[in-house]
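Notes for the one structure printed next.
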Amino acid sequence: MSDLHPSREIVVVGAGPAGLQAALAAHDAGARVTLVDASPEAGGQIWRGGHPPSRIAARLLGRLRDSPVQFLRGCTIVDAPKPGQLLAMHDGNPLWLSYHRLVLATGARERFLPFPGWTLPNVLGVGGIQALAKGGLDLAGKRVVVAGSGPLLLSVAASLPLYGAQVPVIAEQASLSHLVRFALGLRYLPGKIPEALQLAWRLQPLRFQAATYPVRAHGDMRLTAVTLRSADREWTVDCDYLACAFGFVPNLELAELLGCTVREGFVVVDNWQQTTAPDVYCAGEPTGIGGAEKAMAEGAVAGLAAALLPEDANSPVSRNLHSQAAPHLARRARCHHFAQVLERSFPLRPELRDLPLPETTVCRCEDVPLIHLEGCSSWRDAKLQRRLGMGHCQGRVCGAATEFLLGWPMQSVRPPLSPVPVRLLAAAALAKADDSNPHPQTRPGQ
Amino acid sequence: MSTSIEVFVNSAPVEVKAGSTAAVAILVAGVDAFRLSPSGQPRGPLCGMGICAECRATIDGVANQYTCLRLCHPGMRICTEVAAAGAGARGDARESGCSE
């Protein structure tokens, strides 16, 4: 089974397609694996509460249940106090996780762009409404306008009727010519996604509007309607929900905290999914937006490499690792081709920068309107002067928005990565000060 | 999946499907403004996946819980900020059922 490292401890952060594959591959290769996720269930956003679960999701989740991989749900990483150690919040308590090697499979979040009314209750993400539907929300008889950009619009619009919703319109901001290019590029993608998208396309042809985007959400205490624009035409659609997001941005906070090199918005990795930080691997959306197939291929490579690559970078890579990784490396190459097509197919149109009015909220946590950002020179400047990104989400929403609107890259990730109770930080500080007991609760229940 | 459980949203009993998140329970209770922003704008869930923090509420007495990441359990007591703020404005936080 194992080459050399029967007791190597591996922590995998994120239990979506990349993390599940990484955890199972590393376990199969002989490592002791701990898999953590902030959600109450494994599967990531894509496989959460599947309706019904896809075959591959059911197989991986079943393998996780039957394996000795330790799965910690409801577990959020808040700090990396020293090499080989993470501090997490688990059910409200501090938890230290020690690792020889770490695999980051932190996934992506949706890119939200401000427009008048986007902060109203019942305006939410495309993945956002899907998550609520999978979380038990009954959408029977509800009208849901789906808007924004990317292939998720079609797959979510196709799934919403399963929860009882009507979808009066799907507004994709990309032009028809870009979408045709994307459709042609689907032939590079292995697996079922092309079929699913083509099915969605066939189901929704009359309601699908290319080169169309929301300009205003209406309502007082909640959403009542949305105005859409296509070229020089504007019209208003009554709806109960607006599901709107403009593609994905990777969750890079932990990678940045660990010092991984990030280039053009993505974590730099080598052929074995190793980042530039020692013993830190990365797989899935943080290395490039490419969907579940790419994430699974990269996750398998990362898990095998984390378990089997020798400590000494000059030692030869074992034949066992080469042969086990080969099919995943081939699949990864095909997926990277698709990721490139994806990236070129949904460019954000510049008109979207003109949607927010001076008084439109940009930073939702701190209620910073666009006009307050005038005169600021950078993310950091606006943070210090105007409290941009200083609230609960710590710039996870407005960071991507201001990057698009104003060209400001986000800077300076600092612990804690998520808001935590002060008592947790105090407990962490006390434990850190106690050198005689450096790993007070490394593996709970053991 | 078809079994339902009872939770309390701002003291009112609500039936939700087993496996529902607390965020869903709040919506099922007919509350879509979960909280108020610093300037008083109504807000509800945005991302549904523990990123945006817009869905936070008090669960079983613990404030600032991301309701989209918490599964309901029978008898769970969920209190939204808007209900608490309304009760507070009337000078009686206990009325909201949000303080024990």
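The values are calculated or read from the model by the stated rules, or taken from the named source; none is laboratory data. Since the model is a prediction, treat every value here as computed from it, not as a measurement. Every residue, glycine among them, receives a Cβ derived from its backbone with ideal geometry; neighbour counts consider all protein chains shown.
Show me the strands (runs of 3 or more DSSP E) found entirely inside region A:31-140 where at least 2 residues are within 26 Å of A:Arg364 (Cβ to Cβ) and among the charged types (D, E, K, R).
A:108-110
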Next item on the list: State the number of residues belonging to region B:25-38 that are free of Cβ contacts under 8 Å to residues at least 24 places away in the same chain and buried (at least 24 other Cβ atoms within 10 Å of the Cβ).
Entry: 1
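Take B:Leu46 and decide whether it is facing chain A (nearest Cβ under 7 Å), at pLDDT 95 or above and not in a loop (DSSP other than H, G, I, E, B). Steps first, answer last, please.
On the way: facing chain A (nearest Cβ under 7 Å): yes; at pLDDT 95 or above: yes; not in a loop (DSSP other than H, G, I, E, B): no.
Answer is no for this residue.
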Note to self: If I ask for residues that are modelled with pLDDT of 95 or more, crowded, with 19+ Cβ neighbours inside 10 Å and assigned to a helix (DSSP H, G or I), which ones from region A:325-359 would you list?
What the structure shows: A:Ala325, A:His328, A:Arg332, A:Leu352
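Only residues that are of a type in the set (Asp, Glu) and over 16 Å from A:Val362 (Cα atoms): list them for region B:21-55, please.
Residues of region B:21-55 that are of a type in the set (Asp, Glu), as a first pass: B:32, B:54.
Scanning region B:21-55 gives a single hit, B:Asp32.
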Check: Where residues in region A:365-390 are within 18 Å of A:Phe112 (Cα to Cα) and surrounded by fewer than 21 Cβ atoms within 10 Å (Cβ to Cβ), which of them is farthest from the other protein chains (Cβ to nearest Cβ)?
Finding: A:Leu370
Check: In region A:331-361, how many residues are in contact (Cβ under 8 Å) with a residue 24 or more places away in the chain, in contact with a helix residue (DSSP H, G or I) (Cβ under 9 Å, 6 or more places away or on another chain) and of a type in the set (D, E, K, R)?
Finding: 5
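Take A:Val126 and tell me if it is modelled with pLDDT of 90 or more, in contact with a helix residue (DSSP H, G or I) (Cβ under 6 Å, 6 or more places away or on another chain) and farther than 19 Å from A:Asp238 by Cβ. Outline the logic, then answer.
Working: modelled with pLDDT of 90 or more: yes; in contact with a helix residue (DSSP H, G or I) (Cβ under 6 Å, 6 or more places away or on another chain): yes; farther than 19 Å from A:Asp238 by Cβ: yes.
Spelling it out, A:Val126 is indeed modelled with pLDDT of 90 or more, in contact with a helix residue (DSSP H, G or I) (Cβ under 6 Å, 6 or more places away or on another chain) and farther than 19 Å from A:Asp238 by Cβ.
Please tell me if B:Asn64 is at pLDDT 95 or above and at positive phi. Full working, then the answer.
Numbers: at pLDDT 95 or above: no; at positive phi: yes.
It is false that B:Asn64 is at pLDDT 95 or above and at positive phi.
Quick one: would you say A:Ala108 is within 27 Å of A:Ile77 (Cα to Cα) and more than 7 Å from chain B (Cβ to nearest Cβ)?
Numbers: within 27 Å of A:Ile77 (Cα to Cα): yes; more than 7 Å from chain B (Cβ to nearest Cβ): yes.
Taking the combined requirement at face value, the residue satisfies it.
Please pick out the residue among A:Pro114, A:Pro121 that is of a type outside the set (Val, Ile, Thr) and touching a Lys or Arg at 6+ places or on another chain (Cβ under 6 Å).
Values: A:Pro114 fails: touching a Lys or Arg at 6+ places or on another chain (Cβ under 6 Å).
So the residue among A:Pro114, A:Pro121 that is of a type outside the set (Val, Ile, Thr) and touching a Lys or Arg at 6+ places or on another chain (Cβ under 6 Å) is A:Pro121.
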Item checked: Hits in region B:15-35 - residues which are on the phi > 0 side of the Ramachandran plot and either facing chain A (nearest Cβ under 7 Å) or touching a Cys at 6+ places or on another chain (Cβ under 7 Å) (or both) -> B:Gly19
Margin query: Can you find a residue that is of a type in the set (Asp, Glu), out of contact with any Pro (no Cβ under 6 Å at 6 or more places or on another chain) and either free of Cβ contacts under 8 Å to residues at least 40 places away in the same chain or surrounded by 24 or more Cβ atoms within 10 Å (Cβ to Cβ) (or both) anywhere in region A:286-305?
Written below: yes
Checklist line | The one condition in (1) more than 18 Å from A:Leu223 (Cβ to Cβ); (2) surrounded by fewer than 23 Cβ atoms within 10 Å (Cβ to Cβ) that B:Gln41 fails to fulfil | finding: (1)
Margin query: Looking only at region A:306-317, count every residue that is surrounded by fewer than 24 Cβ atoms within 10 Å (Cβ to Cβ) and either modelled with pLDDT of 95 or more or touching a Phe, Trp or Tyr at 6+ places or on another chain (Cβ under 9 Å) (or both) and tell me the total.
Written below: 2
Notebook entry, point to check: Within region A:65-94, which residues are surrounded by fewer than 19 Cβ atoms within 10 Å (Cβ to Cβ) and touching a Phe, Trp or Tyr at 6+ places or on another chain (Cβ under 9 Å)?
Noted result: A:Arg65, A:Pro81, A:Gly84, A:Gln85
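Do you know which residues across region A:111-138 are more than 8 Å from every other protein chain (Cβ to nearest Cβ) and among the β-branched types (Val, Ile, Thr)? Show your work before the answer.
First, the residues of region A:111-138 that are more than 8 Å from every other protein chain (Cβ to nearest Cβ): A:111, A:113-118, A:126, A:133-134.
Passing the criteria: only A:Val126.
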Checklist line | Odd one out for A:Val237, checked against (1) crowded, with 19+ Cβ neighbours inside 10 Å; (2) not in a loop (DSSP other than H, G, I, E, B) | finding: (1)
Item checked: Failed item, numbered, when A:Ser177 is tested on (1) on the phi < 0 side of the Ramachandran plot; (2) touching a residue at least 12 places away in the same chain (Cβ under 8 Å); (3) over 20 Å from the mean Cα position of the chain (by Cα) -> (2)
Next item on the list: Just give me the residues in region B:1-45 being under 16 Å from B:Thr58 (Cβ atoms) and among the acidic types (Asp, Glu), in sequence order.
Entry: none
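For region A:385-416, give me the residue count where each residue is part of a helix (DSSP H, G or I) and of a type outside the set (A, V, I, L, M, F, W, C). Before the answer, list the steps.
To start, the set of residues in region A:385-416 that are part of a helix (DSSP H, G or I) comprises A:385-386, A:398-406.
Still in the list and also of a type outside the set (A, V, I, L, M, F, W, C): A:385-386, A:399, A:402-403.
The number of residues fulfilling the criteria is 5.
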Note to self: The conditions are (1) within 14 Å of chain B (Cβ to nearest Cβ); (2) assigned to a loop (DSSP other than H, G, I, E, B); (3) within 27 Å of A:Ala211 (Cα to Cα), and A:Val362 fails exactly one of them. Which is it?
What the structure shows: (2)
Item checked: Leading residue by the ranking (surrounded by the fewest Cβ atoms within 10 Å (Cβ to Cβ)) among those in region B:67-100 that are of a type in the set (Ser, Thr, Tyr) and modelled with pLDDT under 70 -> B:Ser99
